[in-house]
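Trainee: Once you've had a glance at the structure underneath, I'll fire off some questions.
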Amino acid sequence: MIIEPPLVRGLIAAQFPHWADLPVEAVGANGTANAIYRLGADKTVRLPRTEDSAADVATEHHWLPLLAPRLPFPVPLPLAQGVPGEAFPRPWSVRTWLAGANPGPGDDASASELLAADLAEFVLAMRRIDPADAPPAHRAEPLASRDPATREAIARLDGVLDRAGTAAAWQEALAAEPFTDRPVWVHGDLQPGNVLVAEGRLTAVIDFGCTGLADPADPAVDLIAGWYLLTAGARETFRTAVGADDATWARGRGWALSIALLELAHYRDTNPVMAEIAAHVIAEILTAPSGARGGFPPGP
């Protein structure tokens, strides 16, 4: 379904007429879950692109107001929930607008040790939230359960990347000691499209579609921020601040590698921005000095 400004204006006029006079502006995002539009100066409209992302609307409307006061950085707060109809067949939402810009692979922000410290602060704050009644995280599975899909992605990308080196990197992550501690909250998707930055600092986390309790999954999934959002020096600052031991760091690297491989295999011909980010993450993992990546073999 093509989602354009006239559709958004029509939905607002029909369901929230008190906002009908506000301008609607497309946001230059390349996300796959939601189409985002700015509504006036201080609101956003989020329209799910898929049934899976539509299921997140009610969950986020319930949990974001509860999580917000427990987190050290702003998150979007729900203002209204639209209902499905003839014009648009899924639930949708209106939320607060937050300032900042999505970072890009290898840009100035990714080298910021201040951003690294901010990300660690956010991850640790998530883990401290009371797990009672928390919903399951979207990536609520042990890393090892991703083995078949990850190896299939490696095979599909043969000739695009160093297949042997990538397989060895993945095997290294699988060999790490598994997580056995108590379940904790995770964000689950700390990628460029889901955070905002300004002047080398984290200004907001804006998408919580994967958020929930890591049970029996591994909270190391949130360490993907080290490869998706940071370059090598800042990555080490992030690791130190978040307190990741060798096994946890290896699993976090495995999560980043698995997610990026599946994204590159899926989006290589359909979403250049997502594919570029995924390729950057894989390269960061495979080309790191051996001591920084736990003995992975050299990349291409």
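The values are calculated or read from the model by the stated rules, or taken from the named source; none is laboratory data. The structure displayed is predicted, hence computed values, not measured ones. Every residue, glycine among them, receives a Cβ derived from its backbone with ideal geometry; neighbour counts consider all protein chains shown. To get the accessible areas, we keep the full protein, side chains included, count just its heavy atoms, and leave off ligands, DNA and RNA. Shrake-Rupley method; radii C 1.70, N 1.55, O 1.52, S 1.80 Å.
Trainee: Label point 7 Å out from L66 along Cα-to-Cβ: which residues of region 86-107 have amide N under 16 Å?
Mentor: Under cut-off, by backbone N: nothing.
Trainee: What ³J(HN,Hα) values, in whole Hz, does the Karplus curve 6.51 cos²θ - 1.76 cosθ + 1.60 give for region 110-115 when θ = phi - 60°, with x put for Gly and Pro?
Mentor: 5, 9, 7, 5, 5, 5
Trainee: What base-10 log of the normalised intensity I(q)/I(0) is obtained for region 125-173 from the Debye formula, alpha carbons as equal point scatterers, at q = 0.23, 0.28 Å⁻¹?
Mentor: Debye curve over Cα of region 125-173, log10 I(q)/I(0) at q = 0.23, 0.28 Å⁻¹: -0.84, -1.07.
Trainee: Roughly how many percent of the accessible protein surface of region 42-154 is carbon and sulfur, given a 1.4 Å probe and a whole-percent answer?
Mentor: Within region 42-154, the accessible surface is 55 percent carbon and sulfur.
Trainee: Follow-up question, since we're still on this one. Mind jotting down the distance between the C-alpha centroids of region 1-77 and region 203-267, whole Å?
Mentor: Here the two parts' Cα centres lie 25 Å apart.
Trainee: Another question, if that's okay. Evaluate the Kirkwood expression for the hydrodynamic radius of the chain, namely the inverse of the mean inverse distance over all pairs of different C-alpha atoms, and round to one decimal in Å.
Mentor: Every distinct Cα pair counted, the radius reaches 19.8 Å.
Trainee: A follow-up question, please. Based on the mean of other Cβ atoms within 10 Å per residue, sort peptides 157-167, 72-82 so the most packed one is first.
Mentor: Highest-to-lowest ranking by the protection proxy: 72-82, 157-167.
Trainee: Further, regarding this structure: Could you give the length gained by full extension between E25 and A168, i.e. 0.36 nm per residue of separation minus their alpha carbon distance, to one decimal place?
Mentor: Contour length minus the Cα-Cα distance gives 46.9 nm.
Trainee: Here's a follow-up. Can you give the charge dipole size of the chain about its Cα centre, rounded to the nearest 20 debye, using +1 on the beta carbon of Lys and Arg and -1 on the beta carbon of Asp and Glu?
Mentor: Computed about the Cα centre, the dipole is about 200 debye.
Trainee: Under a 5 Å amide H to amide H cut-off, with H placed in plane at 1.01 Å, what residues pair with V184 once short-range neighbours are removed?
Mentor: The list, which skips near neighbours in sequence, is A214.
Trainee: Could you work out the equivalent-ellipsoid semi-axes for region 41-145, taking the square root of 5 times each eigenvalue of the Cα gyration tensor, largest first, in whole Å?
Mentor: Equivalent ellipsoid semi-axes, largest first: 26, 20, 16 Å.
Trainee: What are the extents of the Cα atoms of region 120-214 along their three principal axes, listed from largest to smallest and rounded to whole Å?
Mentor: Sorted largest first, the three principal extents are 41, 36, 21 Å.
Trainee: Please find the FRET efficiency linking L124 to E177, where r is the Cβ-Cβ separation and R0 is fixed at 22 Å, and quote it to the nearest 0.05.
Mentor: Here the calculated transfer efficiency is 0.60.
Trainee: Let me know the charge dipole size of region 74-134 about its Cα centre in debye, to the nearest 20, where only the beta-carbon of Lys, Arg (+1) and Asp, Glu (-1) is charged.
Mentor: 260 debye
Trainee: Tell me, what ³J(HN,Hα) does each residue in region 79-92 have, in order and in whole Hz, if you take phi through Karplus 6.51 cos²θ - 1.76 cosθ + 1.60 with θ = phi - 60° and put x for Gly and Pro?
Mentor: Karplus values, whole Hz, x for Gly and Pro: 10, 6, 10, x, 9, x, x, 5, 6, 8, x, 10, x, 8.
Trainee: ³J(HN,Hα) across region 235-244 via Karplus (A = 6.51, B = -1.76, C = 1.60, θ = phi - 60°), whole Hz, x for Gly/Pro?
Mentor: Those phi angles translate into 4, 5, 4, 4, 4, 4, 5, 8, x, 7 Hz.
Trainee: Between A144 and L77, how high is the FRET efficiency from 1/(1 + (r/R0)^6) when r is the Cβ-Cβ distance and R₀ = 45 Å? Nearest 0.05.
Mentor: 0.75
Trainee: Next question, about the same structure. Could you size up the charge dipole of region 152-247 around its Cα centre, putting +1 on the beta carbon of Lys and Arg and -1 on that of Asp and Glu, and report it in debye to the nearest 20?
Mentor: So the magnitude is around 260 debye.
Trainee: Here's a follow-up. Using Stokes-Einstein with the Kirkwood hydrodynamic radius over Cα pairs, what translational diffusion coefficient do you get for region 107-265 at 25 °C and a viscosity of 0.890 mPa s, in µm²/s rounded to a whole number?
Mentor: Using the Kirkwood radius from Cα pairs, D works out to 155 µm²/s.
Trainee: Now for a different question. Among I224, T203, L157, whose Cα lies farthest out toward the positive end of the dipole of the chain, if unit charges sit on the beta carbon of Lys, Arg (+1) and Asp, Glu (-1)?
Mentor: About the Cα centre, the residue reaching furthest to the positive side is T203.
Trainee: Where is the GNM fluctuation largest for the chain (alpha-carbon springs, 10 angstrom cutoff): W19, W92, W227?
Mentor: For the chain, modelled as a Gaussian network with Cα springs under 10 Å, the answer is W19.
Trainee: Rule-of-thumb check for region 1-87: C-alpha Rg over 2.2 N^0.38 Å?
Mentor: Details: Rg = 13.3 Å, N = 87, 2.2 N^0.38 = 12.0 Å.
Normalised Rg, Cα atoms only: 1.11.
Trainee: Can you give the three extents of the C-alpha atoms in region 176-300 along their principal axes, from longest to shortest, in whole Å?
Mentor: 40, 35, 31
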